[in-house]
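Notes to accompany the following structure.
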Amino acid sequence: MRPLPAEIPPPLPAGLPARLASDHAIFLFLDYDGTISEITPDIANAAPVPGVRDLVALLAARPERFRIALISGRQTRMLARLFGIINGVTLVGNHGLEIMDPQAGPRLTVEPALLMPALDAVRDWLRRNVPCEAGFVIEDKHLSVALHYRLADPDLASRLRRRLSEFVEHIPELVIGEGKMVIEVLSRHANKGEAVRALMRESGQARLAVYFGDDVTDEDAFWALRDTGMTVKVCKEPSPSWAKYRVSSPFEVTSAMAEMEAATRTDRR
Ligand SMILES: [Mg+2]
């Protein structure tokens, strides 16, 4: 288990993304919601922020300089629908449980049969305990289940979260993940940190990991990369994080990506 973060990261220094991109081959990890897409109540249709898709395509077209993975709590097929498939871009879904490689196709990092009975018990609990029509949205992601409460009464949501956490505490295969206006029931054996480690190992070539993320589940990746990567938390209000730096919006994420793109475009080595 990683410890809780205590320090507030400083702002991302101007020019650092450009410098790193000209000095290293990069493995760029991008969370989706809140990082390259604005948080919206309409979770099924969260669109990427303007310009980011073109930037990802430009960077992915230079595989000797950039490898790119989108890494999200969403299912990979949902990510593919919202962002579109781009040649060379790996999609990591369900917080690291699903990896969809551009060449090799989709694979799972845990055996689903080991999780299903436990997840079925959670599905059943949610069916019995979540009031219909009260602003809650249950998102069943097959290998995890999320309860969104962006539109629900805050007191009711907080009571329900506590009860769900208590229920899941007794299930050894599962763990609770708290995100932005969402509580998720996840496999204990997969998280974004493990996924990042696996992809870095498999990538073969020495690359610097650069990771942008905004959520609690991204902390596992920030922690995994704390000695070796450039990690950036996306947050309007600065808060403690294992990330090395912070930016305040998805717009600043795209600016950093544009910096990296421009720095390597003129690089003729
Ligand atoms: Mg996010």
- prompt: In whole Å and largest first, what semi-axes does the C-alpha gyration tensor of the chain yield when each eigenvalue is scaled by 5 and square-rooted?
  reply: 32, 19, 17
message: Quick one: the Cα spread of the range 28-125 along its three principal axes, in angstroms, biggest first?
response: 44, 33, 17
task: Note the angle between two axes, namely the Cα long axis of helix 192-202 and the longest principal axis of the Cα atoms of the chain, as a number of degrees from 0 to 90, rounded to the nearest 10.
output: 40 degrees
statement: Between the Cα axis of helix 250-265 and the main Cα principal axis of the chain, the angle (0 to 90°, nearest 10) is 30 degrees
query: Cα convex hull of the range 112-187: mean projected area in nm², to one decimal?
result: 4.4 nm²
query: So for 39, 138, fewest C-beta neighbours within 10 Å to most, what's the order?
result: 138, 39
log10 of Debye I(q)/I(0), alpha-carbon scatterers only, for the range 174-217 at 0.13 Å⁻¹: -0.38
- prompt: Using the count of nearby Cβ atoms within 10 Å as a rough guide to exposure, how do 37, 248 rank from fewest to most?
  reply: 248, 37
- prompt: Karplus couplings for the range 166-178 from phi (6.51 cos²θ - 1.76 cosθ + 1.60, θ = phi - 60°), rounded to Hz, Gly and Pro as x?
  reply: 4, 5, 6, 3, 8, 10, x, 6, 10, 9, 8, x, 9
field: Placed amide H near residue 174: partners under 5 Å, 5+ positions off or other chain
entry: 188
Per-residue [θ]222 nm for the chain (sum of -39500 (n - 2.57) over DSSP H runs n ≥ 4, rounded to 500): -10500 deg cm²/dmol
- prompt: In what sequence do 142, 95 fall when counting other Cβ within 10 Å, fewest first?
  reply: 142, 95
query: Viscosity 0.692 mPa s, temperature 37 °C: Stokes-Einstein D of the range 198-269 from its Kirkwood Cα radius, in µm² per second?
result: 246 µm²/s
query: Using Cα atoms only, what is the angle between the long axis of helix 112-129 and the major principal axis of the chain, expressed in degrees (0 to 90) to the nearest 10?
result: 60 degrees
task: Starting from the Cα of residue 244, draw a straight line to each of the aspartates and glutamates and keep only those under 18 Å, dropping any in the same chain fewer than 8 residues away.
output: 7, 31, 214, 215, 218, 219, 220, 227, 252
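Since every read-out is calculated from the coordinates, none of them should be taken as a lab result. As the structure is a computational prediction, the values presented were derived from the model and not from experiment. Glycine also receives a Cβ, built like all others from the backbone with ideal geometry; neighbour counts cover every protein chain displayed.
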